[in-house]
Amino acid sequence: MSLGSTTDDELLAIVENLRLNEREPLLCNKCGSEVNEGERIVVRVHYDAADADWLVTGRFCEECAPSTIQGPKPFLAEAIVEGSIGLSAVPLSGERYSILRDPELIIRA
């Protein structure tokens, strides 16, 4: 599937369960407040053609959520989604990390 043909529903399916951080705690990029499991979070994601994947480039509490996007660059597409924070774990290592649950599209370009 090419980026140009990705529908809003397909984008939401892609970012469902997207890994939000490599370690705990999960902090808002703007104010630094901690956002915990079960709470709402706003996430900025970019599509990078070089990586052929959607990457998390910003995490915000509801109070600091951006209302506009930076706009696509020649190699990027961007979206802002809101969802709740879930937890996942790697079975053998027990490593835990935050994931995005029940995402809703706010805006995309």
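The values are calculated or read from the model by the stated rules, or taken from the named source; none is laboratory data. Please read these numbers as outputs of a predicted model, since none were measured by experiment. Here the Cβ positions follow ideal geometry from the backbone for every residue, glycine too, while neighbour counts run over all protein chains shown.
Some observations on this one:
- Only listed residue being hydroxyl-bearing (S, T, Y) and under 13 Å from the mean Cα position of the chain (by Cα), chosen from T57, T68: T57
- Pick from region 15-48, criterion over 22 Å from T68 (Cα atoms), touching a Phe, Trp or Tyr at 6+ places or on another chain (Cβ under 8 Å) and modelled with pLDDT under 90, ranking: surrounded by the most Cβ atoms within 10 Å (Cβ to Cβ): N21
- Long-range neighbours under 6 Å by Cβ, at least six apart or interchain, first residue polar (S, T, N, Q) within region 76-94, second surrounded by 17 or more Cβ atoms within 10 Å (Cβ to Cβ): S84/R101; S88/I99
- Residue count, region 81-103 (criterion: surrounded by fewer than 15 Cβ atoms within 10 Å (Cβ to Cβ) and over 17 Å from A65 (Cβ atoms)): 10
- For region 49-64, taking the residues that are in contact (Cβ under 8 Å) with a residue 24 or more places away in the chain and of a type outside the set (D, E, K, R), the one that is surrounded by the fewest Cβ atoms within 10 Å (Cβ to Cβ) is identified as A50.
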